[in-house]
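Each remark here refers to the structure printed beneath this line.
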Amino acid sequence: MSIVRVTVRTFQSAEHATLFTGISANIPDLLKKHGLMADCRIARSQEKPHEIISIWVYEDEAHMEAVRKVLAEFSKFPNSLNPKEVAYQADVLASIQVGGGG
């Protein structure tokens with residue numbers, strides 16, 4: 001059973017949110033370097049440009065722990081931007097994918 005984790009980060013300004021998304025562009029290379037695959041979407045709120053939402057889908061607990069361990073090493077600088085962070089985690093009951101897109 002897969003796990004989904006949604007994190008909402010509210011930054012002090014839209015500029016800090018933009019900086020965070022720029023830093024996040026390094027995540028794929030960082031995970032590949034550690035031999036990890038990931039399914040993630042990072043989005044900016046349409047109503048609040050200083051709010052960034054990330055949606056991660058993990059294969060299982062072990063995969064989530066491995067990815068989050070690598071991201072913890074990486075997150076020191078983004079966390080210096082002092083975002084307020086709210087996270088939700090749940091077991092995936094169904095996954096619906098129709099056609100391409102992303």
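On a 1.4 Å probe surface of the protein chains, which of Ser54, Ser75 comes out largest in accessible area, and what is the full order?
Details: Ser54 5, Ser75 30 Å².
Listed by decreasing accessible area, they come as Ser75, Ser54.
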- For Glu15, what charge total do you get from the other residues with a beta carbon under 15 Å from its beta carbon, if Lys and Arg give +1 and Asp and Glu give -1? +2
- Message: Let me cross-check Val57: its accessible surface, 1.4 Å probe, with only protein heavy atoms counted, in Å² to the nearest 10?
- Response: 50 Å²
- Query: Projected onto the charge dipole of region 4-102 (+1 at Lys/Arg Cβ, -1 at Asp/Glu Cβ, origin at the Cα centre), which of Phe20, Ala43, Ile53 gives the Cα projection farthest towards the positive end?
  - Reply: Phe20
- Specify the angular offset, from 0 to 90 degrees and rounded to the nearest 10, of the alpha carbon long axis of helix 61-74 from the longest principal axis of the alpha carbons in the chain. 30 degrees
- Item | Candidates Ala87, Ala38, Ala17: whichever shows maximal mean-square fluctuation once the chain is modelled as a Gaussian network with Cα springs under 10 Å | Ala87
- Message: Can you tell me, using C-alpha contacts under 8 Å and at least 6 residues apart, the relative contact order of the chain as a whole percent?
- Response: 47 percent
- Query: How far, in degrees from 0 to 90, does helix 14-24 lean away from the longest principal axis of the Cα atoms of the chain, to the nearest 10?
  - Reply: 40 degrees
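Any idea what the dipole of the chain comes to, in debye rounded to 20, about its Cα centre with Lys/Arg Cβ at +1 and Asp/Glu Cβ at -1?
Values: 11 positive and 12 negative charges, 58 e Å.
It comes to approximately 280 debye.
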- Task: Arrange the residues Arg68, Arg41, Arg5 by how much accessible surface each exposes, largest first, with a 1.4 angstrom probe.
- Result: Arg41, Arg68, Arg5
- Query: Ordering Tyr88, Tyr58 by how much accessible area each has at a 1.4 Å probe, largest first, what is the list?
  - Reply: Tyr88, Tyr58
- Tell me, what is the 1.4 Å probe accessible area of Phe20, in Å² to the nearest 10? 20 Å²
- Given a 1.4 Å probe and the protein chains all in place, what does the accessible area of Asp91 round to, in Å² to the nearest 10? 100 Å²
- Message: Using a probe radius of 1.4 Å on heavy atoms only, what accessible surface per residue do you get for the chain? Whole Å² is fine.
- Response: 68 Å²
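The values are calculated or read from the model by the stated rules, or taken from the named source; none is laboratory data. Predicted model, so just to flag it, every value in this text is computed and none were measured. FYI the Cβ positions are ideal-geometry reconstructions off the backbone, even for glycines, and counts take in every protein chain you see. Just so you know, the surface numbers come from the protein's heavy atoms only, side chains and all, with ligands and any DNA or RNA stripped out. Shrake-Rupley method; radii C 1.70, N 1.55, O 1.52, S 1.80 Å.
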